[in-house]
Amino acid sequence: MQDLNYNFPPTYFKVGIYTRLSREDEKEKESESIDTQKKLLINYIKSQGWTLFKIYVDDGFTGTNFNRPDFKKLINDIEASNVNLVITKDLSRLGRDYIETGYYLEKYFPLKNVRYIALNDGIDTFDNNNTNNDMTPFKSVFNDMYAKDISKKVRSSLLTKAASGQNIKSFLPYGYRKDENDKNIILVDYEVSPIVQKIFEMYYKGSNKTEICKYLNTNKILTPLAYKRKTTNYFNPNNKTNLWSTTMISKILRDRIYTGDLVQHKYSKLNYKTKKVINVPKNQYIIIKNNHEPIIDRNIFNSVQIILDKKSNEWNYTASKLHLLQGLVLCKKCKSKITYNKNHGKDFRCVCSSYKRNGSKFCSNIHLREDALINSVIASLRENIGNFLKYDELEYIFLNKQANNKKLDYLYSKINEKDNLIQSLYEDKVKGIVTEELFIRLLKQYEEDKRKLVKLIQKEKEINKNEVNKDDLIFNTKKILEFKENKIDRNLILKLIDKIEIDDDSIDIYYKFKAI
């Protein structure tokens, strides 16, 4: 602290009152309100005979960083010599980050010859005999820890809401809206849901993303962002585009919410001191199945995901032939993708892409006609469907999956219990019901229990990841058995086959179900 013992006349000081209230503080303490802070500090200044230059108010801003509008104005006025005494109700109003708070108290204010007073904490940087000044670093650390506790509490509360099926999204994806009477209820927005259905329909039937964008832009359909600006209070001055892009289309095609499932906790703040957001691992997503009315049939959605994964129709169909097994076939020798060259007639033959690019030094030519490959694959599919996907086996698979789903539901419920315990523990800590030692010990135990539960869930999901549900299997079985020479469903093949490896002598098919 600055070593000053001068007796200044009251008129020497030009005071800047600084008040701050975050949303978390507002919930915790009524006495922290902006009006309460103002009244207390104004009365104190009057009693000292000081001159009030200005009152600075940052309402709704966290104390964990100093990037606040009115705090910046305060600093500008200090630089302009308009303020030489800063006063706050307590040290936490100045800030809760102990590093930055220490910078202003230990370096910036002394350098500028600015006096700082935290009234309720008894801190006065110009009073050398004040023992409370010595406690300032410890108070800053405590305020930082409090901010961390509040952040954890808020995060835990949001996760608990998400796990119980409540919507925690500020804005819902294109095609949905919040119930006006209950923001946790998700409703279909029938004004634009037909557009979502049209996007899925076009992609499923073979249109690529560029073609879909062209269709939407030609018909002057509002983009999701433009529609959000029109119907909500959302505003983003940095994004002014009014045209559909392939990125927008991809986002819609990938969003599971359209099947009726609520997927939350996909992103998280890096920590309580920064606004940076990071991606959460998929196994930690909070998913509530059949939470709301679907816009897209689940079978159609699943088929679209497979097409997207294979990147199977991202070319212009009018300019080139759509090959039924495009993206699935690999060279058995070098594992490169198979392309197709046209013969002298109308037929195509399979060609190793590595051989095509680099010649015989890297791989060898393949003498297999595309139609022969397709016929072999279809015959194999029919044989496997007829032998292994009988209805009684489908029923067994379905019942087994039901049991696994119940186990997963139970594990998720146990995680919810731990989250509730952690939230209660933080509340008890803030209220002083539990000691610091007991708090740390119980928190460590609860977090460890959660980690074990997450591992069990990951194990169950790994077991079930290749299983298909009963409806999908029955749906696919009927379609496969209806294959005709000139009517073969490429999307269905993508759902059933993982990959195909070929050479001149053999065709190896790797299915997504147990084959003979």
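The values are calculated or read from the model by the stated rules, or taken from the named source; none is laboratory data. The shown structure was predicted, so the numbers you read here are calculated from the model rather than taken from an experiment. Here the Cβ positions follow ideal geometry from the backbone for every residue, glycine too, while neighbour counts run over all protein chains shown. Calculation scope for accessible area: heavy atoms of the full protein, side chains included, ligands and nucleic acids excluded. Shrake-Rupley method; radii C 1.70, N 1.55, O 1.52, S 1.80 Å.
Here Lys337 sits with roughly 110 square angstrom of accessible surface, probe radius 1.4 Å.
In order along the range 34-49, phi translates into HN-Hα couplings of 4, 4, 4, 4, 4, 4, 4, 6, 5, 4, 5, 4, 4, 5, 8, x Hz, rounded to whole numbers, per the Karplus curve 6.51 cos²θ - 1.76 cosθ + 1.60 with θ = phi - 60° and x for Gly and Pro.
For the range 202-213, the Karplus equation 6.51 cos²θ - 1.76 cosθ + 1.60, evaluated at θ = phi - 60°, returns couplings of 5, 5, 4, 8, x, 5, 8, 5, 5, 5, 5, 4 Hz by residue, with Gly and Pro reported as x. Modelled label positions at Ser47 and Asn82, each set 7 Å beyond Cα in the direction of Cβ, lie 2.8 nm from each other. Close amide-amide hydrogen proximity is noted between Leu52 and Val15, each under 5 Å apart and 5 or more residues distant or on a separate chain (H modeled in the peptide plane; Pro and chain starts excluded). Rolled with a 1.4 Å probe across the full set of protein chains, the surface gives Thr210 an accessible area near 90 Å².
Under 5 Å between amide hydrogens, built in the peptide plane, is the criterion, and for Ile185 it picks out Asp179 among residues at least 5 positions away or on other chains.
Given R₀ = 41 Å, FRET efficiency for Arg369-Lys214 by Cβ-Cβ distance, to 0.05? After rounding, the FRET efficiency stands at 0.70. Ranking Arg349, Arg254 from most to least accessible surface, computed with a 1.4 Å probe over the protein chains only, gives Arg254, Arg349.
Are any of the pairs Lys72/Lys107; Lys178/Lys198; Lys14/Lys112; Lys183/Lys414 more than 19 Å apart by Cα-Cα distance, and if so, which?
In this structure, Lys178/Lys198; Lys183/Lys414 exceed 19 Å between Cα atoms.
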